[in-house]
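The values are calculated or read from the model by the stated rules, or taken from the named source; none is laboratory data. Everything numeric in this text was worked out from a predicted model, so none of it was measured. Backbone-built Cβ (ideal geometry, glycine too); neighbour counts: all protein chains shown. Areas reflect the complete protein model, heavy atoms only, side chains present, ligands, DNA and RNA absent. Shrake-Rupley method; radii C 1.70, N 1.55, O 1.52, S 1.80 Å.
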There are 2 protein chains.
Amino acid sequence: MTAAPEEICLHVCVTCRQAGGPDDKALRPGAVLHRALSDALAQPGAPAVRVEAVECLSVCKRPCTIAVSGPGRWTYIYGDLDAEISIDTIIEGLRLYAATSDGLVPWRARPEAFRKGVVARIPPFKTSSAA
Amino acid sequence: MTAAPEEICLHVCVTCRQAGGPDDKALRPGAVLHRALSDALAQPGAPAVRVEAVECLSVCKRPCTIAVSGPGRWTYIYGDLDAEISIDTIIEGLRLYAATSDGLVPWRARPEAFRKGVVARIPPFKTSSAA
């Protein structure tokens, strides 16, 4: 079963910031990354992924941080992303994720930033009745 | 809304191991932790939580690792847990989590191992129709 692509959600931590970076919320790298990804995913041909801002993913030591999830799919959390240079990498990683039915992209096929930046992954949630 | 408690799932990484520790899968700290938590959660009065073994949560540098999740609740991933001494702490943390409707336990109320060991958290998944 392939989940409808619009059911894939990208959470972007908008409070992520670098040590010594600006305290202004709108200027934080996480907020910049969120705007850039929202713009990129609104372009024609972009993978069908819903973007949601989140206040904190509790990965504060590895900014910027995102999480990608969808019904029936593994959830992945990535850190160490750059608000300026990681956009194309993230879009490519999302495209690969969206092309799977379970969220599992083979290790070698993942963009390097996703291989190095993985923080954690979680299996799809099964309800008792489906288990 | 409070989710049915049996819908809370605890994933335990059974392949987590310490550097230099035993390679035998059944003796790895993750496998030991999984057995101990399964036993503890089967006791009368334990929080109603389903335990599932998982091969890897991609938090290999911070064994042992668990994830707790449930419909409508934030998912939390914890690392740096000890297969021998963390059982009571984890059960207490699960009890607090189960007592919430959204999975958000106030910081000060969390067991210390959960405050220090948090690896990441992810908001509850919303479907497009519910968003």
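Being surrounded by 16 or more Cβ atoms within 10 Å (Cβ to Cβ) and either of a type outside the set (A, V, I, L, M) or outside any helix (DSSP H, G or I) (or both): is that true of A:Arg108 here?
no
Looking at (1) farther than 19 Å from A:Lys116 by Cα; (2) in contact (Cβ under 8 Å) with a residue 60 or more places away in the chain, which is the one condition that is false for A:Leu10?
Failing condition for A:Leu10: (1).
Hey, could you check segment A:75-105 for residues that are outside any helix (DSSP H, G or I), under 27 Å from B:Ala53 (Cα atoms) and aliphatic (A, V, I, L, M) and say which is nearest to the other protein chains (Cβ to nearest Cβ)?
Checking each candidate, the answer is A:Ile77.
Going by the conditions given, is B:Val105 within 12 Å of the chain's Cα centre (by Cα) and not polar (S, T, N, Q)?
In short, no.
Look through A:Ile91, A:Ile66 and report the one residue that is out of contact with any His (no Cβ under 8 Å at 6 or more places or on another chain) and of a type in the set (Val, Ile, Thr).
That would be A:Ile91, the only listed residue that is out of contact with any His (no Cβ under 8 Å at 6 or more places or on another chain) and of a type in the set (Val, Ile, Thr).
Test each condition in (1) within 14 Å of chain A (Cβ to nearest Cβ); (2) buried (at least 17 other Cβ atoms within 10 Å of the Cβ) for B:Arg17 and report the one that comes out false.
If we test B:Arg17 against (1) within 14 Å of chain A (Cβ to nearest Cβ); (2) buried (at least 17 other Cβ atoms within 10 Å of the Cβ), just (1) comes out false.
Results for (1) farther than 22 Å from B:Cys56 by Cβ; (2) in contact with a Lys or Arg (Cβ under 6 Å, 6 or more places away or on another chain), shown as yes or no for each residue.
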site	(1), (2)
A:Pro47	yes, yes
A:Ala53	yes, no
A:Ser69	no, no
A:Ile87	yes, no
A:Val105	no, no
A:Pro111	no, no
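What single numbered condition from (1) more than 25 Å from A:Ile66 (Cβ to Cβ); (2) in contact (Cβ under 8 Å) with a residue 12 or more places away in the chain; (3) open to solvent by 50 Å² or more (accessible area, probe 1.4 Å) fails to hold for B:Arg62?
Evaluating B:Arg62 over (1) more than 25 Å from A:Ile66 (Cβ to Cβ); (2) in contact (Cβ under 8 Å) with a residue 12 or more places away in the chain; (3) open to solvent by 50 Å² or more (accessible area, probe 1.4 Å) leaves (1) as the failure.
Could you check segment A:38-69 and list, in sequence order, the residues that are in a loop (DSSP other than H, G, I, E, B), under 20 Å from B:Trp74 (Cβ atoms) and more than 8 Å from chain B (Cβ to nearest Cβ)?
If the condition is that a residue be in a loop (DSSP other than H, G, I, E, B), under 20 Å from B:Trp74 (Cβ atoms) and more than 8 Å from chain B (Cβ to nearest Cβ), then A:Glu55, A:Cys60, A:Lys61, A:Arg62, A:Pro63, A:Cys64 are the ones that fit.
Search segment B:110-123 for residues that are without any contact (Cβ under 8 Å) to a residue 24 or more places away in the chain and pair each with any residue that is open to solvent by 10 Å² or more (accessible area, probe 1.4 Å) when their beta-carbon atoms are under 6 Å apart and the residues are at least 6 apart or on different chains.
Sorted first by the residue in segment B:110-123, then by its partner, the pairs are B:Pro111/B:Thr89; B:Pro111/B:Glu92.
Name the residue that is least open to solvent (accessible area, probe 1.4 Å), counting only residues in segment B:35-58 that are closer than 21 Å to B:Ala120 by Cα and touching an Asp or Glu at 6+ places or on another chain (Cβ under 9 Å).
B:Val49
Give the residues of segment B:1-37 that are closer than 12 Å to B:Ala98 by Cα and either at pLDDT below 95 or assigned to a loop (DSSP other than H, G, I, E, B) (or both), sorted by residue number.
Within segment B:1-37, B:Thr2, B:Ala3, B:Ala4, B:Pro5, B:Glu6, B:Glu7, B:Ile8 qualify.
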